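Heads up: the structure comes next, in structure tokens.
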Amino acid sequence: MPTDELITIRPFEPGDEQVCKWLFVKGIEYVRWPTFKQVLKSYTALAVDTLVLLILLIWPNLLMFILPFVCLLLLALWLLIKREVYEYCQHSIDSDLANIQQFYMNTKDRRSHYWVAILNNSSRTIDGLRSGDIVGMIALEYKDNDNGELRRMSVHPQLRRLRVGMKLIGVLLDWAKAKGYKRIYLQTTIMQKPAIAMYRNAGFKYCQNGSRYDWKSNIAFFMFEKTIE
């Protein structure tokens, strides 16, 4: 089914806030496993070299004690990632998502905005979802000099890969053009590869100025931008 028939996009309403928070958390939780694999991959060579050295230097029978230790390290890494994701979600919920109406819809300049995607009546079977449910969202925060940041993009897990995100981006870009924006940028991470592909397809280009590498987490943060014409 074409995306235009599957969903309708409308401006945020105050009654949408709890569902939007849920969608945001589900979207961020999605990156926990890719993050774990990325960090693990980065340190695998070092871990293997260390393990081989330990086996060579100490009695091989002690391997039975080393393996549980490695498992504990992996568990600790997973719990650390879960905690960081939770803290990021909580920080976001306590900041702009604490009052979406005030932060995005009621600004003095009226140049920030928030949209939600609503599921239409459909013959398509989508477990647990009904017509009228919120299945996606996106926000635009005005910064300065006709620049804005695309934020809070999230799509319900059951509707991913159905171009819901592309339709949300299209609505945002049309609105930004009508409001006189000159540039839209966004930030994402290396783990969110499907999202990066979507942004590229929407015309966003990688921006080196603004991208960074976090040595502590071993994660690359990317910035993409699009000129509004």
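Can you find a residue in segment 131-139 that is assigned by TED's automatic domain parsing to the domain that holds Ser211, assigned to a loop (DSSP other than H, G, I, E, B) and free of Cβ contacts under 8 Å to residues at least 12 places away in the same chain? No, segment 131-139 has no match at all.
A quick yes/no check of all residues on (1) part of a helix (DSSP H, G or I); (2) small (Gly, Ala, Ser); (3) assigned by TED's automatic domain parsing to the domain that holds Thr8; (4) within 14 Å of Phe24 (Cα to Cα):
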| site | (1), (2), (3), (4) |
| --- | --- |
| Tyr88 | yes, no, no, yes |
| Trp115 | no, no, yes, yes |
| Asp127 | no, no, yes, no |
| Asn145 | no, no, yes, no |
| Gly148 | no, yes, yes, no |
| Gly165 | yes, yes, yes, yes |
| Ile169 | yes, no, yes, no |
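Listed here are the residues, each with its yes/no results for (1) among the hydroxyl-bearing types (Ser, Thr, Tyr); (2) out of contact with any helix residue (DSSP H, G or I) (no Cβ under 6 Å at 6 or more places or on another chain); (3) farther than 21 Å from Ser92 by Cα.
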site	(1), (2), (3)
Ser131	yes, yes, yes
Asn145	no, yes, yes
Leu150	no, yes, no
Met153	no, yes, no
Gln158	no, yes, yes
Lys167	no, no, yes
Leu173	no, yes, yes
Ala178	no, yes, yes
Ala197	no, yes, yes
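Across segment 171-190, the number of residues qualifying as surrounded by fewer than 20 Cβ atoms within 10 Å (Cβ to Cβ) and part of a loop (DSSP other than H, G, I, E, B) comes to 4. Selection of first residues in segment 91-110 that are without any contact (Cβ under 8 Å) to a residue 40 or more places away in the chain and of second residues that are acidic (Asp, Glu) and surrounded by 12 or more Cβ atoms within 10 Å (Cβ to Cβ), restricted to Cβ pairs under 6 Å at least 6 apart or on distinct chains, gives the following pairs, ordered by first then second residue: Phe103/Asp96. Out of everything in segment 113-149 that is surrounded by 21 or more Cβ atoms within 10 Å (Cβ to Cβ) and not hydrophobic (A, V, I, L, M, F, W, C), what residue ends up being farthest from Lys177 (Cα to Cα)? Top of the filtered list is Gly136.
For segment 206-229, the criterion of a residue being in the same structural domain as Lys108 (by TED's automatic domain parsing), surrounded by fewer than 20 Cβ atoms within 10 Å (Cβ to Cβ), in a helix (DSSP H, G or I) and in contact with a helix residue (DSSP H, G or I) (Cβ under 9 Å, 6 or more places away or on another chain) is satisfied by no position.
The values are calculated or read from the model by the stated rules, or taken from the named source; none is laboratory data. Predicted model only: the values in this text are computed from it and were never measured. Methodologically, a virtual Cβ is constructed for each residue, glycine included, from the backbone with ideal geometry; neighbour enumeration extends over all protein chains shown.
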